[in-house]
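These notes are about the structure you will find just below.
The values are calculated or read from the model by the stated rules, or taken from the named source; none is laboratory data. This structure is a prediction, so every number in the text was calculated from the model and none was measured. Don't worry about glycine lacking a Cβ; one is built from the backbone with ideal geometry, like all the others, and counts go over all protein chains shown.
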């Protein structure tokens, strides 16, 4: 049975507009989610002038599932993010690198323009949903679906160990999460910023050391095993 729900889209004027989306009957691996919360990502601003549903840091409750869904059930509290899926057959998809799918990933701003977290409901494949633990409130979970994944995935793929020294450049939407993840991981956390304005904030999040890059000498910095760059622009490495 088709489902119609309210969505909020970008427009030619840059004003967010309310609209309706109708999706056909759920495919076998699809999940219908009633959205309860959404984070707001800087990427959303890039699409304010595009006729597409906004939002990709979604949190909600499963309301219905397709015939072959086995990973989630009705009533589960779940989150979903930037990438919706791939072909599930190529070497990249099978290795968990869906974004590099040879047939093209389904993702925010690229496909499925009628779906997003700025909506009363969303339809998402079960394999791209995360069941949320009770310890994380729905109101806090949205940013983990994009910013959180962005900075946590390197810990897994690069084999970051608790004994490592992790450098983090920038203390914005990504950086403040990276600091907390690295501290919780047990790492020595070295934070770099162009200003002292967020020094105390960085230390409160778990930074071990803080360096202002405007007057920094390489001799002052300890050996760093991994460097996470979370700035909105590529740093000037000559500084």
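Looking at the stretch 87-128, which of the residues that are within 23 Å of residue 21 (Cβ to Cβ) and without any contact (Cβ under 8 Å) to a residue 60 or more places away in the chain is surrounded by the fewest Cβ atoms within 10 Å (Cβ to Cβ)?
Per the criteria, the residue is 104.
Given the stretch 1-86, what strands (runs of 3 or more DSSP E) lie entirely inside it while holding 3 or more residues that are free of Cβ contacts under 8 Å to residues at least 12 places away in the same chain and in contact with a helix residue (DSSP H, G or I) (Cβ under 9 Å, 6 or more places away or on another chain)?
On the way: elements: 3-9, 17-23, 30-38, 58-65, 77-80, 83-85.
Of the strands (runs of 3 or more DSSP E) lying wholly inside the stretch 1-86, none has at least 3 residues that are free of Cβ contacts under 8 Å to residues at least 12 places away in the same chain and in contact with a helix residue (DSSP H, G or I) (Cβ under 9 Å, 6 or more places away or on another chain).
Please work out if residue 38 is loosely packed, with under 15 Cβ neighbours inside 10 Å and at pLDDT 95 or above. So that I can check it myself, show each step before the final result.
Working: loosely packed, with under 15 Cβ neighbours inside 10 Å: no; at pLDDT 95 or above: yes.
So residue 38 fails the test.
Give all pairs with beta carbons closer than 9 Å in which a residue from the stretch 211-225 that is in the same structural domain as residue 169 (by TED's automatic domain parsing) and more than 12 Å from residue 166 (Cα to Cα) meets a residue that is modelled with pLDDT of 85 or more and part of a helix (DSSP H, G or I); count only pairs at least 6 apart in sequence or on separate chains.
Final answer for the pair search is 212/199.
Of the residues 183, 119, 130, which is modelled with pLDDT of 95 or more, touching a helix residue (DSSP H, G or I) at 6+ places or on another chain (Cβ under 8 Å) and assigned by TED's automatic domain parsing to the domain that holds residue 61? I'd like the intermediate steps shown before the answer.
Working: 183 fails: assigned by TED's automatic domain parsing to the domain that holds residue 61; 119 fails: touching a helix residue (DSSP H, G or I) at 6+ places or on another chain (Cβ under 8 Å).
The conditions single out 130.
Determine, yes or no, whether residue 189 is outside the structural domain of residue 38 (by TED's automatic domain parsing) and either more than 23 Å from residue 23 (Cα to Cα) or touching a helix residue (DSSP H, G or I) at 6+ places or on another chain (Cβ under 8 Å) (or both). First the steps, then the outcome.
Details: outside the structural domain of residue 38 (by TED's automatic domain parsing): yes; either more than 23 Å from residue 23 (Cα to Cα) or touching a helix residue (DSSP H, G or I) at 6+ places or on another chain (Cβ under 8 Å) (or both): yes.
It is true that residue 189 is outside the structural domain of residue 38 (by TED's automatic domain parsing) and either more than 23 Å from residue 23 (Cα to Cα) or touching a helix residue (DSSP H, G or I) at 6+ places or on another chain (Cβ under 8 Å) (or both).
Answer with yes or no whether residue 57 is modelled with pLDDT of 95 or more and surrounded by fewer than 19 Cβ atoms within 10 Å (Cβ to Cβ). Steps first, please.
Working: modelled with pLDDT of 95 or more: yes; surrounded by fewer than 19 Cβ atoms within 10 Å (Cβ to Cβ): no.
Spelling it out, it is not the case that residue 57 is modelled with pLDDT of 95 or more and surrounded by fewer than 19 Cβ atoms within 10 Å (Cβ to Cβ).
State whether one or more residues within the stretch 130-153 are assigned to a strand (DSSP E or B) and surrounded by 15 or more Cβ atoms within 10 Å (Cβ to Cβ).
yes
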